[in-house]
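Heads up: the structure comes next, in structure tokens.
What follows is calculated from the coordinates using simple rules that are stated; it is not laboratory data. Predicted, not measured: the structure shown is a model, and the values here were computed from it. Quick reminder, even Gly has a Cβ in these numbers, built from the backbone with ideal geometry, and neighbours come from all protein chains shown.
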């Protein structure tokens, strides 16, 4: 069925979700998609990324940021991180800019909004678009603004482990730029020419749509549209998202209390103007160097005491088997590109914050505290 067809009632749930989400995060436009990854693909397309264009992105992130760039024919260029925040380093962004740079892709990592103003200033000076991957940072705030909505264009994920879920997969693109919104919507909506920044269809007369001379497409796009059932679930989740995020933040505070006074478990640094939304509670584990306890040994001791398994940090994208050893735009994906990220990736511990029962979260945090005491703070 044509998206423009006024009889297509399924769009109503999607449009309601988009409008409510845009209002919630403070963006002018929102485009619902079927995953955060497809949202990144559409956002980078909207930013003008094409064959040979370079996208500067952090070395500490998921590989899907690179995939979105590569599928557009672009070149992922990795910038190193600030270890204290685990975020992209603005100074290294400047070093990596070339005449082929088209966009900067920031990642608000682990629920912590990125320090965006210096990066926006760099982008302004060089005529670049800033795309923020806020897949892990629902309702995190930077200087009073919602993370993701404060970039030129932002992307959220609603996969089932995220703060807000649409059932299993889903995502949202947000922007306050009508041109970026229109380009993203068309790309994610199979390229229908009548799509606009605010709507997935226009109210054309049915006779116009049914005419054999009616031309539908002016953009080579993909079908990344969100379905009505996912949108309805997302809309219901959005009504309680403040409570969901507050509970994750409460879990994060419990773990912060558990590691207080421990010199060898260092949480992300949170500036006073930033509000962490705690997708996970992530620490830089320095216990091997300072206490002689290896990462994996600590993991097993925590489990033995009754703790939950925690995650290690994802491998630096260019060292994942899908990319490692390959060349893109003359840039070889190999070890040594971003040494700070490569070193920190091996030390990070990511503790769960998605407990529905704060009593259980408190119990796990107390187990962590007890283990730290055994080793010595």
Q.
I'd like the Kirkwood hydrodynamic radius of region 228-312, using the inverse of the mean 1/r over distinct C-alpha pairs, in Å.
A. 15.3 Å
Q.
Which of rounded, prolate or oblate describes region 38-114 when judged by the alpha-carbon gyration tensor and an a/c cut-off of 1.5?
A. oblate
Q. Once both axes come from the Cα atoms, what is the angle between helix 36-46 and the longest principal axis of the chain, in degrees from 0 to 90, rounded to 10?
A. 60 degrees
Q | Tilt relative to the chain, helix 228-238 - C-alpha long axis, 0 to 90 degrees, to 10 | A | 50 degrees
Q) Does anyone have the angle between helix 358-375 and the longest principal axis of the chain? Alpha-carbon axes, 0 to 90°, nearest 10? A) 40 degrees
Q. For 28, 369, what's the fewest-to-most ordering of other Cβ within 10 Å of each Cβ?
A. 28, 369
Q) How far is it, in nm, from the label point at residue 354 to the one at residue 126 when both lie 7 Å from their Cα along the line to the Cβ? A) 3.4 nm
**Q.** DSSP bridge orientation in the chain - percent antiparallel, rounded to nearest 5
**A.** 65 percent
Q | Segments 149-156, 75-82, 361-368 sorted - mean Cβ within 10 Å per residue, highest first | A | 149-156, 75-82, 361-368
Q.
Test of understanding: ordering 213, 147, 134, 263 by Cβ neighbours within 10 Å, fewest first, what list do you get?
A. 213, 263, 147, 134
Q) By per-residue mean of other Cβ atoms within 10 Å, what is the highest-first order of 112-121, 33-42, 159-168, 288-297? A) 33-42, 112-121, 159-168, 288-297
Q) For the chain, what is the calculated [θ] at 222 nm in deg cm²/dmol (nearest 500), taking -39500 (n - 2.57) for each run of four or more DSSP H residues and dividing by its residue count? A) -10500 deg cm²/dmol
